[in-house]
Amino acid sequence: SVGIMLPRDSKNQIQTGQLLKEFTDKDRPAAKLEALAEAEGASTLLGMKGHIMLYLGTADDVPYAIHAVWAYRQKIGDKDLPRVINRVAVSDLSLGEGSTKGSLLKRLNKIIAIK
């Protein structure tokens, strides 16, 4: 837990801490990346409908998060196929890019500081 205590469910987790930025579907990924550049790794939650992640920071200007993920969707030809992970994973926020749901970055709607 590294000294961070959070409620169990994402619905309650997203209500903790201080809201740094909120986005709508109309906000472009560039605006979200700009806001993430000001966020602190390992003490910032990233929220989207039904899912929450702990922001870890960037490596080579690519934002990463750790989260419990069952699957993501991948566009292959004319099909949108689920790719099962079913574990806690570190991923960059482009996961799901090109699918009908879109990437994690595209779906991001809240940035919350928890420290």
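The values are calculated or read from the model by the stated rules, or taken from the named source; none is laboratory data. Keep in mind that what you see is a predicted model, and the values were worked out from it rather than measured. So basically every Cβ, Gly included, is an ideal-geometry build from the backbone, and we count neighbours across all protein chains shown. To get the accessible areas, we keep the full protein, side chains included, count just its heavy atoms, and leave off ligands, DNA and RNA. Shrake-Rupley method; radii C 1.70, N 1.55, O 1.52, S 1.80 Å.
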Exercise for the section: Quick one: residue 25 ticks every box in (1) open to solvent by 80 Å² or more (accessible area, probe 1.4 Å); (2) in a strand (DSSP E or B); (3) within 16 Å of residue 103 (Cβ to Cβ) except a single one, so which number is it? Expected result: (2)
Problem - Test: residue in region 38-55 that is over 20 Å from residue 17 (Cα atoms) and over 8 Å from the mean Cα position of the chain (by Cα) - result: no
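Per-residue answers, yes or no, for (1) farther than 13 Å from residue 112 by Cα; (2) at pLDDT below 95; (3) touching a Lys or Arg at 6+ places or on another chain (Cβ under 6 Å):
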| site | (1), (2), (3) |
| --- | --- |
| 7 | yes, yes, no |
| 21 | no, no, no |
| 31 | yes, no, no |
| 35 | no, no, yes |
| 41 | no, yes, no |
| 59 | yes, no, no |
Practice task
Pairs only if they're at least six apart or on different chains, beta carbon under 9 angstrom, first in region 21-39 and farther than 17 Å from residue 94 by Cα, second surrounded by fewer than 16 Cβ atoms within 10 Å (Cβ to Cβ) and among the acidic types (Asp, Glu); list them, first residue then second.
Solution key: 21/38
Problem - Qualifying strands (runs of 3 or more DSSP E) (wholly inside region 52-115; at least 3 residues being open to solvent by less than 50 Å² (accessible area, probe 1.4 Å) and either among the charged types (D, E, K, R) or out of contact with any strand residue (DSSP E or B) (no Cβ under 6 Å at 6 or more places or on another chain) (or both)) - result: 79-92
Problem - In region 28-49, residue most open to solvent (accessible area, probe 1.4 Å) [restricted to those that are assigned to a loop (DSSP other than H, G, I, E, B) and of a type in the set (Asp, Glu)] - result: 38
